Each structure stands twice: as structure tokens, then as C-alpha cells.
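Contents: one structure, followed by commentary.
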């Protein structure tokens with residue numbers, strides 16, 4: 001039985017391999033919750049931002065061409081709902097794991113979630129604060145602007161043609177806003193330990 005023949009098998013095998021590597025290479029002998037939540041945060045963050053980029057760079061332009069060809073039904077019926085399911089839950093998991101990272105590192109850094117969101121000047125908390133606020137805005141856009149409007153566009157909820165057209169503009173602008181915000185947000189995530197490039 002080849003685990004690579006299914007998505008769950010592939011994911012479970014990846015976690016098993018990671019755990020084996022932890023025991024083979026790891027040298028501390030105790031649980032490190034900070035790294036655990038960073039690891040989860042990166043995994044779900046890649047899923048979220050990867051799908052965000054897929055929607056903006058691949059699916060949206062392809063849908064325009066598919067509509068012109070009369071072949072958009074397959075994408076809107078089968079691909080988009082599944083991608084949006086992973087997209088919105090990965091967004092939530094990314095935000096939650098980010099909060100858990102901040103709390104897990106509190107004993108080493110001296111700042112927690114409130115310090116980060118209030119931009120209290122403790123070490124590099126302002127850098128994480130920037131990333132956290134941008135991620136929070138992006139999460140809001142996913143659940144309050146993108147998903148409700150995509151449900152109208154995809155016919156998951158009833159909407160007139162006029163409502164669908166309006167929903168399309170709102171969802172597109174929220175998605176493009178998230179794409180824009182993702183660039184400095186990722187900078188905030190990566191710059192915490194070694195500061196900004198300049």
C-alpha cells in the first residue's frame with residue numbers, strides 16, 4: 001500500500017518522517033512548544049498564502065479565459081469550492097498558530113499577544129506586531145469579504161446576476177488586498193529573529 005496514492009497518506013507520511021527526523025537529529029531532550037507552533041504556523045501558512053497566490057495568479061485569469069471558452073463550469077463547480085475550503089481554514093489555522101507561537105515564546109522574549117498587538121516596545125515585538133496585524137486584517141478579509149461573496153459567485157447561496165457581479169468585485173479586491181498585504185506580512189514573520197533587511 002503506497003501512501004503517496006492519497007493526500008491523507010502523503011500528509012501522514014510527511015509528519016511521520018518529520019517526527020523520525022526530530023528523534024534522529026534532535027538533541028535537546030525536551031519539548032519545544034515555540035518551535036512546534038512555528039512549524040505548524042509555517043505549514044498552514046504555506047497552504048493559505050499558496051492558495052491566495054493560486055487564486056490571484058492562476059485561477060482568476062484562467063476563469064476569464066474559461067468563461068470565454070464556455071468551460072468554466074468545471075472550475076467553479078469542482079475546483080474553486082475545494083480550494084476555498086482549504087483556503088479559509090488554513091487562514092484560521094495560520095492566525096491561531098501565530099497567536100500560540102507568541103504565547104509559547106513569551107517566557108524567552110518577555111512579550112505576549114497583547115504586547116504584540118499593542119506594539120509595546122519589547123525587543124522585536126514591533127516586527128511580530130506588524131505581521132500579526134496584517135495577518136489579522138487578511139483573516140478578516142477571508143472570512144468576512146472573500147468567502148461570503150464567493151458563495152454567491154459559485155451559486156452556493158442564491159444571488160441575482162447583479163449581486164453576483166457586485167460580489168465578484170468585492171471578493172477580487174479583498175483577495176488582491178490580501179496578496180498585497182502578504183508581502184510585508186511575510187517580511188514581519190521572517191524578520192523577527194534577525195531584523196529588517198535595511
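The values are calculated or read from the model by the stated rules, or taken from the named source; none is laboratory data. This structure is a prediction, so every number in the text was calculated from the model and none was measured. No Cβ is skipped: glycine too gets one built from the backbone with ideal geometry, and neighbour counts run over all protein chains shown.
Only residues that are under 15 Å from residue 179 (Cα atoms) and crowded, with 17+ Cβ neighbours inside 10 Å were counted across region 31-55, and they come to 7. Looking only at region 76-87, which residues are crowded, with 16+ Cβ neighbours inside 10 Å and over 14 Å from residue 51 (Cβ atoms)? 76 - this is the single residue of region 76-87 that is crowded, with 16+ Cβ neighbours inside 10 Å and over 14 Å from residue 51 (Cβ atoms).
Table: residues versus (1) in a helix (DSSP H, G or I); (2) surrounded by 15 or more Cβ atoms within 10 Å (Cβ to Cβ); (3) in the same structural domain as residue 87 (by TED's automatic domain parsing).
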| position | (1), (2), (3) |
| --- | --- |
| 152 | yes, yes, yes |
| 155 | no, no, yes |
| 158 | no, no, yes |
| 163 | yes, no, yes |
| 178 | yes, yes, yes |
| 186 | yes, yes, yes |
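Contact map, region 163-178: first residue in contact (Cβ under 8 Å) with a residue 12 or more places away in the chain, second residue surrounded by 17 or more Cβ atoms within 10 Å (Cβ to Cβ) and outside any helix (DSSP H, G or I), Cβ cut-off under 8 Å, separation 6 or more or different chains; pairs are 167/159. Looking at residue 44, is it farther than 25 Å from residue 153 by Cα and either without any contact (Cβ under 8 Å) to a residue 24 or more places away in the chain or out of contact with any strand residue (DSSP E or B) (no Cβ under 7 Å at 6 or more places or on another chain) (or both)? For residue 44, the condition - farther than 25 Å from residue 153 by Cα and either without any contact (Cβ under 8 Å) to a residue 24 or more places away in the chain or out of contact with any strand residue (DSSP E or B) (no Cβ under 7 Å at 6 or more places or on another chain) (or both) - is met.
Does residue 182 meet the test of being in contact (Cβ under 8 Å) with a residue 60 or more places away in the chain, farther than 27 Å from residue 60 by Cβ, buried (at least 17 other Cβ atoms within 10 Å of the Cβ) and under 16 Å from the mean Cα position of the chain (by Cα)? Judged against the criteria, residue 182 is not a match.
Yes/no per residue for (1) under 23 Å from the mean Cα position of the chain (by Cα); (2) farther than 28 Å from residue 134 by Cα; (3) without any contact (Cβ under 8 Å) to a residue 60 or more places away in the chain; (4) not assigned by TED's automatic domain parsing to the domain that holds residue 164:
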{"position": "8", "(1), (2), (3), (4)": "yes, yes, yes, yes"}
{"position": "15", "(1), (2), (3), (4)": "yes, yes, yes, yes"}
{"position": "23", "(1), (2), (3), (4)": "no, yes, yes, yes"}
{"position": "54", "(1), (2), (3), (4)": "yes, no, yes, no"}
{"position": "68", "(1), (2), (3), (4)": "no, yes, yes, no"}
{"position": "99", "(1), (2), (3), (4)": "yes, no, yes, no"}
{"position": "116", "(1), (2), (3), (4)": "yes, no, yes, no"}
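For region 97-144, a residue qualifies if it is surrounded by 17 or more Cβ atoms within 10 Å (Cβ to Cβ) and outside any helix (DSSP H, G or I), and the qualifying residues are 105, 111, 112, 124.
Candidates 104, 90: the one that is out of contact with any strand residue (DSSP E or B) (no Cβ under 7 Å at 6 or more places or on another chain) and free of Cβ contacts under 8 Å to residues at least 60 places away in the same chain is 90.
Note on region 8-60: residues that are more than 22 Å from residue 90 (Cβ to Cβ) and part of a helix (DSSP H, G or I) total 6.
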